[in-house]
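Quick notes on the structure that follows.
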Amino acid sequence: MRIFDPHIHMTSRTTDDYQAMYASGVRALVEPSFWLGQPRTSPASFYDYFDALLGWEPFRAAQYGIAHHCTLALNPKEANDPRCTPVLEELPRYLVKDGVVAVGEIGYDSMTPAEDVALATQLQLAAEYALPAMVHTPHRDKLTGLRRTIDVVRESNLDPEHVLLDHLNETTVKDAAESGSWLGFSIYPDTKMDEDRMVSVLRNHGTDRVLVNSAADWGKSDPLKTRKVADAMLAAGFSEDDVDKVLWRNPVEFYGLSGRLQLDVPAPQALHEGNSILRGGE
């Protein structure tokens with residue numbers, strides 16, 4: 001079984017997670033830039049973070065046989081801090097990098113005017129740089145936030161077929177599907193969606209344009225949730241081809257819109273004596 005996790009925050013995970021993910025079938029992933037918990041106080045901290053997603057993290061993932069890609073953006077939460085908004089002016093120099101396969105996470109957190117501006121601006125950047133967009137739908141008042149997001153996408157120059165609406169659930173999937181965008185579902189131990197609910201959504205809405213992710217981060221989460229969804233699908237009567245479509249071919253097709261997917265991973269080099277991981281050069 002081959003698995004592509006289209007949304008996981010490996011910055012917050014250990015190398016043990018990479019090992020376990022590989023053993024469960026994960027061979028590729030996308031790590032969206034996001035809020036790290038501690039609010040950033042300057043644009044420079046974003047740039048160091050972006051550089052890590054483009055350099056260290058792909059290097060670390062490759063040592064465990066996993067192809068790592070990223071999406072870069074000013075996230076919705078920090079779009080409300082005027083100290084951080086200069087990031088929007090610097091994003092273009094990052095969006096041309098080979099490892100960047102979308103603009104994201106963008107979208108809404110509290111649905112403020114500042115978030116309106118950041119979302120519209122970054123959808124326009126995605127259109128200008130021929131990249132898809134990965135959109136975070138808000139955790140609060142989800143349906144209102146989703147509909148507001150869809151309206152902004154329609155007003156942009158980016159085709160809805162180049163947009164992934166993520167963190168969906170049963171209350172938002174119908175509107176999201178009717179918008180023409182791709183549908184993303186985050187599977188968590190206690191919150192958002194779980195495996196059984198995901199199987200029900202797939203039964204009702206089919207497997208077209210559906211991406212399933214673990215979105216694993218600093219909180220209580222599970223980087224093996226993609227595999228658990230695959231197993232639940234098989235147990236519920238879905239075919240191996242259905243599983244491959246949802247867990248591999250769909251994310252490859254969506255992020256392949258960037259023209260930058262590199263799914264072949266070079267063989268890891270030998271470790272230095274006493275080290276558990278290669279550290280890279282300067």
Notebook entry, point to check: Build a GNM of the chain with springs between Cα atoms under 10 Å: which of 87, 103, 117 gets the top mean-square fluctuation?
Noted result: 117
Notebook entry, point to check: What's the exposure ranking of 214, 258, going from fewest to most Cβ atoms within 10 Å?
Noted result: 258, 214
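I want the local charge near residue 142. Using Cβ-Cβ distances under 13 Å, sum +1 for each Lys or Arg and -1 for each Asp or Glu among the other residues.
Working: positive: 140, 147, 148, 174, 192; negative: 109, 141, 166, 170, 175.
After counting each charged neighbour, the total is 0.
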Check: Quick one: length gained pulling residue 143 to residue 196 fully straight, 0.36 nm per residue minus the C-alpha distance?
Finding: 16.9 nm
Next item on the list: Could you run the Karplus curve 6.51 cos²θ - 1.76 cosθ + 1.60 with θ = phi - 60° over region 260-266 and give me ³J(HN,Hα) per residue in whole Hz, x for Gly and Pro?
Entry: 10, 5, 10, 8, 8, 10, x
Notebook entry, point to check: HN-Hα J couplings of region 48-53 from phi, Karplus 6.51/-1.76/1.60, θ = phi - 60°, integer Hz, Gly and Pro as x?
Noted result: 4, 5, 4, 4, 5, 5
Notebook entry, point to check: Which part of region 1-33 falls in the paramagnetic zone of residue 97, meaning amide N under 14 Å from the point 7 Å along Cα-to-beta-carbon?
Noted result: 11, 31-33
Checklist line | Where the Cα pairs of region 124-250 fall when distances are cut into 10 Å bins, in % | finding: 13, 44, 33, 10, 0
Notebook entry, point to check: Amide H to amide H, which residues 5 or more places from residue 184 or on other chains are under 5 Å from it, using H placed in the peptide plane?
Noted result: 165, 166, 167, 168, 211
Notebook entry, point to check: Can you list the GluC sites (Glu not before Pro) in region 51-136 that are in a DSSP coil and have 11 or fewer other beta carbons within 10 angstrom?
Noted result: none
Notebook entry, point to check: Non-local amide H neighbours of residue 28 (under 5 Å, H modeled in plane, Pro and chain starts lacking H): which ones?
Noted result: 3, 5, 67
Checklist line | Residue order, fewest to most surrounding Cβ atoms within 10 angstrom, among 100, 152 | finding: 152, 100
Margin query: Set the bar at 28 Å for Cα to Cα. Now go through 142/228; 77/97; 97/174; 77/228; 192/245; 77/225 and name every pair that lies beyond it.
Written below: 97/174; 77/228
Next item on the list: Bin all alpha-carbon pair distances of region 105-152 at 5 Å intervals from 0 and give each bin's fraction as a whole percent.
Entry: 5, 24, 33, 23, 10, 4, 1
Note to self: Report the Cα centroid-to-centroid distance between region 67-84 and region 148-166 in angstrom, as an integer.
What the structure shows: 18
Checklist line | More than 19 Å apart - percent of Cα-Cα pairs taken over region 133-188 | finding: 15
Check: Using θ = phi - 60° and the Karplus curve 6.51 cos²θ - 1.76 cosθ + 1.60, what whole-Hz ³J(HN,Hα) does each residue of region 27-43 get, with Gly and Pro shown as x?
Finding: 10, 7, 7, 10, 10, x, 5, 8, 6, 8, x, 7, x, 6, 10, 7, x
Next item on the list: Just grab the label-to-label distance for residue 208 and residue 231, each label 7 Å out from Cα along the Cβ direction, in nm (one decimal).
Entry: 3.2
Item checked: Per-residue [θ]222 nm for the chain (sum of -39500 (n - 2.57) over DSSP H runs n ≥ 4, rounded to 500) -> -11000 deg cm²/dmol
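Every number in this text was worked out from the coordinates using simple rules, so none of it is lab data. If you're wondering where the values come from, they're calculated on a predicted model, not measured in any experiment. A quick note on method: Cβ atoms are made from the backbone with ideal geometry, for glycine too, and the neighbour counts reach across all protein chains shown.
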